[in-house]
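S.K.: One structure, pasted below without further comment.
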Amino acid sequence: GGSMNTAERFDLYLDHLSEGLGHVDRHAGLRGYCTGLMLPLSRKSVEPMAARVDPMHASARHQALHHFVAKAEWSHEEMLRRVCQWVIPKMDCSQGGWWIIDDTGFPKKGRHSVGVARQYCGMLGKQDNCQVAVSISLASTQGSLPVAWQLYLPEDWAADAERRAKAGVPDEVRFATKTQIALAQLRTLLNEGAPRHCVLADAGYGVDTAFRQALSDMGLLYAVGVTSAVVVWPPGVKPLPPEPYSGMGRPPVMPRRTPALQPMSVRALAMSLPSRAFQNVSWREGTNETLSGRFAAVRVRHAGGNAGKARLRPEQWLLIEWPANDAEPSKYFLSTLPEETPINELVSVAHQRWRIERDYQDLKQDFGLGHYEGRGSRGLHHHAALSIAAYGFLMAERLVTDTSAGGT
């Protein structure tokens with residue numbers, strides 16, 4: 001036979017996803033919902049999707065789709081696992097693969113939708129009423145796919161039994177910081193045999209020393225944003241060995257400080273570098289345009305948060321981005337990429353994180369990621385997994401076309 005067309009592959013894809021749903025009677029819900037998410041509608045909530053998918057029986061279809069997304073007991077994690085099984089083999093990570101940790105905010109009115117709170121919403125660039133989800137995406141130079149997606153439940157939500165019950169928050173969900181959620185997601189992926197790609201995250205995660213240490217303990221390299229206040233021992237400074245042990249009390253672990261041996265903030269370190277330490281470096285953002293900036297890369301040791309407890313940590317890269325006409329640097333990254341990594345590669349890897357901003361834009365605009373209007377936890381996670389499933393299918397189609405067209 002000839003090669004299959006998109007419609008036939010879509011049927012196979014839905015069959016593959018359906019195997020993770022349990023009941024056979026959920027297959028129609030999956031097909032209807034994914035089809036609805038792919039339609040050019042301005043709002044992809046249940047009602048307009050039902051009206052477009054089945055105009056003759058809109059209210060019956062509305063009820064059926066609502067039940068499928070909000071009530072039926074299937075696992076959104078199993079759904080995402082099956083999306084990955086379909087899409088990831090078509091992704092080419094030979095030019096590099098990355099795990100990108102991110103959180104995404106969805107503005108929401110009212111206080112009843114699960115996890116809504118006044119908190120920072122990246123989409124608006126400010127504090128507002130919103131829900132926030134933590135995700136991990138697998139990225140290659142061709143694109144990125146969220147492989148784990150979980151609502152962040154603020155502390156006051158996690159502690160409020162009544163609100164939890166109303167929103168159907170599962171009993172086993174306890175308060176966890178965004179960083180803890182991301183680390184748990186990564187551990188699950190690695191336990192399932194995922195490859196140990198380099199991890200990218202913004203300063204919201206990168207400033208957390210325990211987070212960076214946990215990545216290293218898992219055998220993962222990283223390139224993460226940090227703030228200007230993070231404190232390091234400058235390049236070439238090896239703290240003195242600790243005071244000799246007197247035999248009394250606990251042995252000292254703290255490197256000794258002398259006036260010449262002081263840790264400093266990464267900002268102070270950047271300001272102390274000669275201008276010749278900086279160079280112009282270009283990188284490509286995904287397949288899009290070439291960007292360039294002014295960077296320095298130096299080898300440092302993190303000096304710990306609490307000065308009194310500083311143990312000597314291994315060296316890593318500090319990458320500083322300082323636009324030519326600005327009074328001070330705009331960005332700082334810490335990275336455990338190998339010491340022999342050239343600066344242009346450090347720059348390129350650190351900036352791969354921005355590619356998912358575009359991919360999330362597509363997920364929100366074209367696949368209705370933020371359009372769920374129900375209030376419950378199950379429905380929200382189901383809707384997100386289905387949005388990602390719809391996006392994943394079209395991404396896989398694009399990857400297959402790229403390859404057959406002889407793309408690089």
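The values are calculated or read from the model by the stated rules, or taken from the named source; none is laboratory data. Predicted, not measured: the structure shown is a model, and the values here were computed from it. Glycine also receives a Cβ, built like all others from the backbone with ideal geometry; neighbour counts cover every protein chain displayed. For accessibility, only protein heavy atoms count, side chains too; no ligands or nucleic acids. Shrake-Rupley method; radii C 1.70, N 1.55, O 1.52, S 1.80 Å.
S.K.: Only one residue in Arg118, Arg111 is part of a strand (DSSP E or B), farther than 22 Å from Leu334 by Cβ and among the charged types (D, E, K, R), so which one is that?
M.R.: Numbers: Arg111 fails: part of a strand (DSSP E or B).
When all the criteria are applied, what remains is Arg118.
S.K.: Being in a helix (DSSP H, G or I) and more than 19 Å from the chain's Cα centre (by Cα) is the filter here; which residues of the stretch 165-187 pass it?
M.R.: Ala165, Lys166, Ala167
Each row is one residue, and each column tells you yes or no for (1) in contact (Cβ under 8 Å) with a residue 40 or more places away in the chain; (2) closer than 30 Å to Asp171 by Cα; (3) in a helix (DSSP H, G or I).
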{"position": "Leu363", "(1), (2), (3)": "yes, yes, yes"}
{"position": "Arg375", "(1), (2), (3)": "yes, yes, no"}
{"position": "Ala390", "(1), (2), (3)": "yes, yes, yes"}
{"position": "Thr401", "(1), (2), (3)": "no, no, yes"}
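S.K.: Examine the stretch 143-163 for a residue that is in contact with a helix residue (DSSP H, G or I) (Cβ under 6 Å, 6 or more places away or on another chain) and either among the acidic types (Asp, Glu) or more than 23 Å from Gln180 (Cα to Cα) (or both), and state whether such a residue exists.
M.R.: yes
S.K.: Within the group Leu190, Leu220, Leu151, Leu200, which residue is modelled with pLDDT of 95 or more, in a helix (DSSP H, G or I) and of a type in the set (A, V, I, L, M, F, W, C)? Give the derivation first.
M.R.: On the way: Leu220 fails: in a helix (DSSP H, G or I); Leu151 fails: in a helix (DSSP H, G or I); Leu200 fails: in a helix (DSSP H, G or I).
Only one candidate qualifies: Leu190.
S.K.: Inside the stretch 76-116, can you point out the residues that are open to solvent by less than 50 Å² (accessible area, probe 1.4 Å) and more than 30 Å from Ala223 (Cα to Cα)?
M.R.: Within the stretch 76-116, Lys108, Gly110, Ser113, Val114, Val116 meet the criteria.
S.K.: Could you run through the stretch 55-97 and say how many residues are touching a Ser or Thr at 6+ places or on another chain (Cβ under 7 Å) and aliphatic (A, V, I, L, M)? I'd like the intermediate steps shown before the answer.
M.R.: Residues of the stretch 55-97 touching a Ser or Thr at 6+ places or on another chain (Cβ under 7 Å): 91-93, 95-97.
If we keep only those that are aliphatic (A, V, I, L, M) too, we end up with 91.
Result for the stretch 55-97: 1.
S.K.: When the stretch 1-29 is examined, which residues are found to be open to solvent by 70 Å² or more (accessible area, probe 1.4 Å), outside any helix (DSSP H, G or I) and more than 18 Å from Val87 (Cβ to Cβ)?
M.R.: Passing the criteria: Gly1, Gly2, Ser3, Asn5, His23.
S.K.: Does the stretch 184-206 hold any residues that are farther than 19 Å from Gly105 by Cα and open to solvent by less than 30 Å² (accessible area, probe 1.4 Å), and which are they?
M.R.: Hits for the stretch 184-206 are Leu186, Leu189, Leu190, Ala194, Cys198, Val199.
S.K.: In the stretch 65-75, what residues are under 23 Å from Phe393 (Cα atoms), open to solvent by 30 Å² or more (accessible area, probe 1.4 Å) and part of a helix (DSSP H, G or I)?
M.R.: Scanning the stretch 65-75 gives a single hit, His66.
S.K.: Got at least one residue in the stretch 315-326 being open to solvent by less than 60 Å² (accessible area, probe 1.4 Å), touching a residue at least 24 places away in the same chain (Cβ under 8 Å) and in a loop (DSSP other than H, G, I, E, B)?
M.R.: Quick first cut of the stretch 315-326, residues open to solvent by less than 60 Å² (accessible area, probe 1.4 Å) only: 316-323.
Subset that is touching a residue at least 24 places away in the same chain (Cβ under 8 Å): 317-323.
Right, trim to in a loop (DSSP other than H, G, I, E, B) and you get 322-323.
Checked the stretch 315-326: at least one residue is open to solvent by less than 60 Å² (accessible area, probe 1.4 Å), touching a residue at least 24 places away in the same chain (Cβ under 8 Å) and in a loop (DSSP other than H, G, I, E, B).
S.K.: While we're on this one: Six or more apart or on different chains, Cβ under 6 Å: which pairs go from a residue in the stretch 101-118 that's in contact (Cβ under 8 Å) with a residue 40 or more places away in the chain to one that's open to solvent by less than 20 Å² (accessible area, probe 1.4 Å) and aromatic (Phe, Trp, Tyr)? Could you list them?
M.R.: Once the first residue is in contact (Cβ under 8 Å) with a residue 40 or more places away in the chain and sits in the stretch 101-118, its partners that are open to solvent by less than 20 Å² (accessible area, probe 1.4 Å) and aromatic (Phe, Trp, Tyr) give Ile101/Tyr205; Thr104/Tyr360; Gly115/Trp157.
S.K.: Looking at Asp92, is it of a type in the set (D, E, K, R) and within 25 Å of Gly206 (Cα to Cα)? Full working, then the answer.
M.R.: Values: of a type in the set (D, E, K, R): yes; within 25 Å of Gly206 (Cα to Cα): no.
In short, no.
S.K.: Checking the conditions here, which among Val199, Val237, Val224 is closer than 30 Å to Ala270 by Cα and either among the charged types (D, E, K, R) or over 18 Å from the mean Cα position of the chain (by Cα) (or both)? First the steps, then the outcome.
M.R.: Working: Val199 fails: either among the charged types (D, E, K, R) or over 18 Å from the mean Cα position of the chain (by Cα) (or both); Val224 fails: either among the charged types (D, E, K, R) or over 18 Å from the mean Cα position of the chain (by Cα) (or both).
Testing whether each residue is closer than 30 Å to Ala270 by Cα and either among the charged types (D, E, K, R) or over 18 Å from the mean Cα position of the chain (by Cα) (or both) leaves just Val237.
S.K.: I'd like the full set of residues that are open to solvent by 90 Å² or more (accessible area, probe 1.4 Å) and part of a helix (DSSP H, G or I), limited to the stretch 30-54.
M.R.: Arg31, Glu47, Arg52
S.K.: Are any residues in the stretch 327-362 touching a Lys or Arg at 6+ places or on another chain (Cβ under 9 Å) and surrounded by fewer than 14 Cβ atoms within 10 Å (Cβ to Cβ), and if so, which ones?
M.R.: Of everything in the stretch 327-362, those that are touching a Lys or Arg at 6+ places or on another chain (Cβ under 9 Å) and surrounded by fewer than 14 Cβ atoms within 10 Å (Cβ to Cβ) turn out to be Glu328, Glu339.
S.K.: Give all pairs with beta carbons closer than 7 Å in which a residue from the stretch 333-356 that is in contact (Cβ under 8 Å) with a residue 24 or more places away in the chain and small (Gly, Ala, Ser) meets a residue that is buried (at least 19 other Cβ atoms within 10 Å of the Cβ) and assigned to a helix (DSSP H, G or I); count only pairs at least 6 apart in sequence or on separate chains.
M.R.: Here the result reads Ser335/Leu346; Ser335/Ala350, each pair linking the stretch 333-356 to a residue that is buried (at least 19 other Cβ atoms within 10 Å of the Cβ) and assigned to a helix (DSSP H, G or I).
S.K.: Which pairs have Cβ atoms under 6 Å, sit 6 or more apart or on different chains, and link a residue in the stretch 180-199 that is under 15 Å from Ala223 (Cβ atoms) and among the hydrophobic types (A, V, I, L, M, F, W, C) to one that is at pLDDT 95 or above and in a helix (DSSP H, G or I)?
M.R.: The qualifying pairs are Val199/Leu215.
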